[in-house]
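Let me begin by presenting the structure, written as structure tokens, before commenting on it.
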Amino acid sequence: MLSNLSVDQALMKAKFHAKKGEIEEAEILYQTVLKTFAKNKRAQEGLASLNNHKVDSRYRKTSQEMVNKIVDLYDQGKFSTVVDQAQAFTKQYPQAYTVWNLLGASAAQLGMSDQAVTAFKKVINLRPDYADAYSNLGNALQDQGDIDQAIKVYKKAILLKPNYAEAYNNMGIALKNLGKLEESIIAHNKALSLKPDYADAYNNLGNVLKEMGKYNEAIDAYNKAILLNPHFAEVYSNIGSALKDQGKLEDAILAHNKALSLKPDYADAYNNLGIALQDQNKIKESIYAYKKALVIKPDDAEIHQNLSFMLLRNGKIKEGLAEYEWRWKTKEGLSRQRFFSKPLWNGETSLKDKKILLWSEQGIGDTLNWSSCLPLLNSQAKQCIMECQDKLVPLLQRSFPDIEVIPENRILDSERDDFDLHLPMGSLYSHFINKIMQNVKPDAFLVPNPERVNFWKERLDNLGKGPYIGISWKSSVVSAYRRHSYPTISEWSPVLTIPDVTFINLQYIDYEDDLSKVQDEFGVTIHNFNDLDQYDDIDDVAALCKALDMVVSTKVAPPFISSAVGTPTKIANWRQSSYNNILTNPVTSSYEMFDRDTWETWGNVFNSIAENIFELKNKITNSKYRL
């Protein structure tokens with residue numbers, strides 16, 4: 001009964017309770033009205049509204065509980081479960097941008113960069129002003145390898161949030177990955193100006209400085225990160241890497257071990273420790289460290305590749321070659337992979353009636369070196385097609401007339417039907433290692449153009465008397481790691497100051513300043529043929545190498561050419577290099593390696609090579625004046 005309340009008063013009071021969220025009180029009043037006036041429209045509508053409100057409240061409560069559960073799972077590091085539950089949740093609540101963000105972050109943690117990018121883009125569509133989503137998207141794009149786009153996204157995040165230190169830091173990482181090191185430093189310094197206690201930014205700044213070879217400055221930045229976060233294991237390992245690059249190997253090992261004491265399951269620290277031990281020539285200890293890293297991160301392709309090189313150096317050839325197949329899962333390997341409809345040759349399937357495509361996967365030095373295995377492959381197959389860099393085609397066609405040598409063309413890979421099986425060149429050793437180990441090393445296996453060889457011999461004679469010695473001293477790609485393999489041109493003085501020798505430039509890039517320096521410091525001319533394209537005209541470079549009496553070089557492309565055409569070749573080599581093994585050293589008997597250990601100068605190497613040149617001079621003199 002309504003007792004003292006009129007119908008209007010009861011309805012007004014019910015509406016008042018509903019607005020305050022007092023659902024039960026409002027419901028009692030609406031039901032009271034309907035008991036007396038069952039068809040009262042206002043009471044019916046009010047009660048229906050309350051029922052909808054109760055349903056919405058129940059759903060809101062349930063959905064928030066689900067979101068909280070997903071957040072808890074993310075905090076526990078259960079990323080696979082987060083992905084599954086977030087996907088289900090967003091199907092029911094597609095506007096839930098926070099859950100899309102959790103989905104993206106979890107997918108990124110699992111290496112599912114494509115899914116992470118999709119999720120973060122969804123967040124931005126739902127919240128175009130959400131700066132964090134842009135930064136997260138930038139990180140996912142970096143994981144995809146789309147660094148240029150990542151930088152654009154970071155800049156958008158900064159436009160929305162000008163004091164966004166994290167976005168500047170992430171942009172600094174992207175710029176470093178692009179090789180824009182000065183710009184990267186500016187970005188990290190901006191992050192630190194906005195957030196002076198930002199340990200991650202100091203760490204990343206240190207990484208850039210280390211890449212630039214500014215090791216002391218890098219270590220200063222790392223130490224600032226440690227002052228802010230004394231338990232920052234990654235920084236200790238980075239310090240170890242910087243010390244290693246400075247040749248301070250014992251200190252480097254101490255730093256890596258400190259990182260491991262703070263974070264015993266730190267696979268990257270074990271990997272870095274393995275590299276430092278490798279530089280000490282402690283091969284077995286290095287292998288042990290890599291294997292410890294792989295217990296923690298069994299699918300880390302970079303660590304598998306590091307292990308492969310050490311196994312090869314330790315004489316465990318088959319095990320090392322098996323590990324080398326992990327190269328296809330490294331970032332560099334993924335960019336070089338080919339995708340054909342035809343299957344990969346496994347080394348066991350008979351090639352008797354098969355046509356096989358062999359394709360190059362590395363630089364020209366490796367392509368030429370591994371081409372020595374072509375006769376082994378061709379002897380088993382009905383037909384062999386060799387696909388390589390365009391500039392190698394003339395030389396390889398002449399050297400292997402029974403094989404179809406063609407330039408690389410990736411455009412129609414998935415549609416090609418001109419072969420039965422395929423094989424990347426780096427896998428030749430895996431399938432033919434027994435024969436390679438049994439065969440006597442050839443003196444030469446590449447055939448330069450004989451007319452051009454005579455041309456170069458005449459041209460050399462016009463320069464002056466021999467011996468004519470070609471030299472090459474550095475790669476076109478120089479990193480902190482590679483610097484160990486390339487002495488400065490001044491360190492060549494024991495060779496370059498030998499009298500009555502005619503030196504010929506075989507350096508194919510960035511040589512002008514060094515030629516001037518040799519002239520200024522030693523008064524010696526290294527003759528350069530401006531009309532010879534050392535970078536692209538490999539066929540003519542091979543002819544020039546054949547015309548020379550000797551080639552002296554660091555381990556770059558020219559000695560692979562000169563030794564393969566049979567010219568005596570002396571290689572100044574860093575013994576501890578990962579690339580010093582059966583797979584990546586020249587295959588001929590015409591080369592000789594002169595090794596420097598990490599902790600040594602290049603003096604002994606070049607003094608020993610100089611002795612070889614004096615012997616060559618005496619031999620040439622005796623042959624000219626023998627009675």
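Computed values, structure above
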quantity: Residue match in region 583-598 (condition: part of a helix (DSSP H, G or I) and either of a type in the set (Val, Ile, Thr) or buried (at least 18 other Cβ atoms within 10 Å of the Cβ) (or both)); calculated: no
quantity: Output for region 191-223, where each listed residue is of a type in the set (D, E, K, R) and without any contact (Cβ under 8 Å) to a residue 24 or more places away in the chain; calculated: 214, 217, 220
quantity: Residue in region 123-146 that is of a type outside the set (Lys, Arg), within 25 Å of the chain's Cα centre (by Cα) and closer than 20 Å to residue 212 by Cβ present; calculated: no
quantity: Counted residues, region 210-240 - those being part of a helix (DSSP H, G or I), surrounded by fewer than 24 Cβ atoms within 10 Å (Cβ to Cβ) and not basic (Lys, Arg); calculated: 12
quantity: Close pairs (6 angstrom Cβ cut-off, 6 or more residues apart or separate chains): farther than 17 Å from residue 223 by Cα and open to solvent by less than 40 Å² (accessible area, probe 1.4 Å) in region 247-270, among the small types (Gly, Ala, Ser) and outside any helix (DSSP H, G or I) anywhere; calculated: none
quantity: Single match in 145, 172 (criterion: open to solvent by less than 30 Å² (accessible area, probe 1.4 Å) and either touching a Lys or Arg at 6+ places or on another chain (Cβ under 7 Å) or closer than 21 Å to residue 331 by Cα (or both)); calculated: 172
quantity: Index of the failed condition, residue 322 passing every other in (1) surrounded by fewer than 17 Cβ atoms within 10 Å (Cβ to Cβ); (2) under 29 Å from residue 449 (Cβ atoms); (3) modelled with pLDDT of 95 or more; calculated: (2)
quantity: Test result for residue 571, among the β-branched types (Val, Ile, Thr), buried (at least 19 other Cβ atoms within 10 Å of the Cβ) and within 29 Å of the chain's Cα centre (by Cα); calculated: yes
quantity: Index of the failed condition, residue 552 passing every other in (1) open to solvent by less than 10 Å² (accessible area, probe 1.4 Å); (2) assigned to a helix (DSSP H, G or I); (3) touching a residue at least 60 places away in the same chain (Cβ under 8 Å); (4) not polar (S, T, N, Q); calculated: (2)
quantity: Filtered residues of region 290-331 (kept if of a type in the set (D, E, K, R), closer than 30 Å to residue 438 by Cβ and part of a helix (DSSP H, G or I)); calculated: 291, 313, 318, 319, 323, 325, 327
quantity: Selection within region 148-161 - crowded, with 16+ Cβ neighbours inside 10 Å and under 23 Å from residue 329 (Cα atoms); calculated: 150
quantity: Residues located in region 24-75, provided they are modelled with pLDDT under 75 and β-branched (Val, Ile, Thr); calculated: 55, 62
quantity: Number of the exception - residue 179 against (1) modelled with pLDDT under 95; (2) surrounded by fewer than 16 Cβ atoms within 10 Å (Cβ to Cβ); (3) more than 18 Å from residue 143 (Cα to Cα); calculated: (3)
quantity: Residue 476, sole failed condition from (1) loosely packed, with under 15 Cβ neighbours inside 10 Å; (2) within 31 Å of the chain's Cα centre (by Cα); (3) modelled with pLDDT of 95 or more; calculated: (3)
quantity: Top-ranked residue in region 479-533 [being aromatic (Phe, Trp, Tyr) and assigned to a loop (DSSP other than H, G, I, E, B); ranked as least open to solvent (accessible area, probe 1.4 Å)]; calculated: 529
quantity: Residue match in region 478-498 (condition: basic (Lys, Arg), in contact (Cβ under 8 Å) with a residue 24 or more places away in the chain and in contact with a Gly (Cβ under 8 Å, 6 or more places away or on another chain)); calculated: yes
quantity: Meets criteria (under 23 Å from the mean Cα position of the chain (by Cα) and within 30 Å of residue 385 (Cβ to Cβ)) for residue 322; calculated: yes
quantity: Number of positions in region 325-365 that are out of contact with any helix residue (DSSP H, G or I) (no Cβ under 9 Å at 6 or more places or on another chain), farther than 26 Å from residue 391 by Cβ and small (Gly, Ala, Ser); calculated: 1
quantity: The one condition in (1) without any contact (Cβ under 8 Å) to a residue 12 or more places away in the chain; (2) closer than 23 Å to residue 244 by Cα that residue 183 fails to fulfil; calculated: (2)
quantity: Lone qualifier among 563, 608 - being at negative phi, of a type in the set (Ser, Thr, Tyr) and open to solvent by less than 10 Å² (accessible area, probe 1.4 Å); calculated: 563
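The values are calculated or read from the model by the stated rules, or taken from the named source; none is laboratory data. Here the structure is a predicted model, which means the values were calculated and not measured. All Cβ positions, even for glycine, are placed from backbone atoms using ideal geometry, and neighbour counts span all protein chains on display. Note: areas computed on protein heavy atoms with side chains; ligands, DNA, RNA excluded. Shrake-Rupley method; radii C 1.70, N 1.55, O 1.52, S 1.80 Å.
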